Amino acid sequence: MSANALDQLLRSQTGVWRGLRSEHQNWPVIPSGFAELDALLPGGGWPLGGVLEIFSPCLGIGELSLLLPAMSYITQTKRWIAWIAPPQQAYAPALAQAGIDLAYVLVVDCRQEADIPWSLEKLLRSGRCGMTLAWPRRLSDHQIRRLQLAAEAGSALAVLYPKQPSGAGYTALRLEIKPVETGLALHILKARGSLQRASLILPL
């Protein structure tokens, strides 16, 4: 089988995830704001057009601080940041201090858990939203696949803080974070375009 035929076959199979691809350098990314983290991420930043899962043992350990530089970057380019069913009210003064334009921050109050993936997909596909953040209990493999396609269509970053991990390999990036005395311990569990797992501590 030729290389072109194999590539076409793999592209037609949505359930196949290829961990190592040479073209990852061409994927659009957003700088994380942390040089040591960007050095470990394929392409050198958060993946635009992808789903990012962040697992943490509890709320308030720096899971949002990790994304503040990227949020600032997105709002400065006049794209929206959408918070979907946040567990706590966003503290506007802290966001403004981080350089985030509050005029481009949208909070969506989903009364039902089933509304979260629907809202995410619509916002990601809109093209106006550069990043979504959501705190679902758990999403199915099919739902994550739909979010990945929506993120690609809208060139946006979908950030999930799930309470339970999914079994899907559709996420572009999967991280685990834990608090330590010197900051935030971050473990890269999976990264599209890389077979290497890595860990570092950020002084957040």
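All of the numbers you see were taken from the coordinates with simple rules; none came from a lab. This structure is a prediction, so every number in the text was calculated from the model and none was measured. Don't worry about glycine lacking a Cβ; one is built from the backbone with ideal geometry, like all the others, and counts go over all protein chains shown.
In this structure, the amide hydrogen of Leu106, modeled 1.01 Å from its nitrogen in the peptide plane, lies closer than 5 angstrom to those of Ile81, Ala82, Trp83, counting only residues at least 5 positions away or on a different chain. Counted residue by residue at 0.36 nm each, then reduced by the alpha carbon distance between them, the extension gain from Ala114 to Ala39 reaches 23.3 nm.
For Val29, the residues whose modelled amide H falls within less than 5 Å of its own, excluding neighbours fewer than 5 places apart on the same chain, are Leu48. Taking the C-alpha atoms only, the angle from helix 3-12 to the longest principal axis of the chain is near 50 degrees. Annotation: aspartates and glutamates with alpha-carbon distance below 13 angstrom to Lys122 (same-chain offsets under eight excluded): Glu152. Scoring 60-73, 123-136 by mean Cβ neighbours within 10 Å over their residues and listing the highest first yields 123-136, 60-73. First select every other residue whose beta carbon is under 14 angstrom from the beta carbon of Ile61; then total the charges, Lys and Arg +1, Asp and Glu -1. Combined, the nearby Lys, Arg, Asp and Glu give -2. Couplings for region 37-49, taken from phi via the Karplus curve 6.51 cos²θ - 1.76 cosθ + 1.60 with θ = phi - 60°, read 6, 4, 5, 9, 8, x, x, x, x, 5, x, 6, x Hz in order; Gly and Pro are left as x. Rounded to the nearest 10 degrees, the angle from helix 115-125 to the longest Cα principal axis of the chain is 70 degrees.
Cα-based values for the chain, radius of gyration first and Dmax second, are 16.6, 59 Å. About its Cα centre, what dipole magnitude does the chain give when the only charges are +1 on Lys and Arg Cβ and -1 on Asp and Glu Cβ, stated in debye to the nearest 20? Computed charge dipole of the chain: roughly 440 debye.
Calculate how many DSSP beta bridges within region 30-202 are antiparallel, expressed in % of all such bridges and rounded to the nearest 5.
Close to 40 percent.
Over the chain, dividing the summed -39,500 (n - 2.57) contributions of all DSSP H runs of at least 4 residues by the number of residues returns a 222 nm mean residue ellipticity of -7500 deg cm²/dmol.
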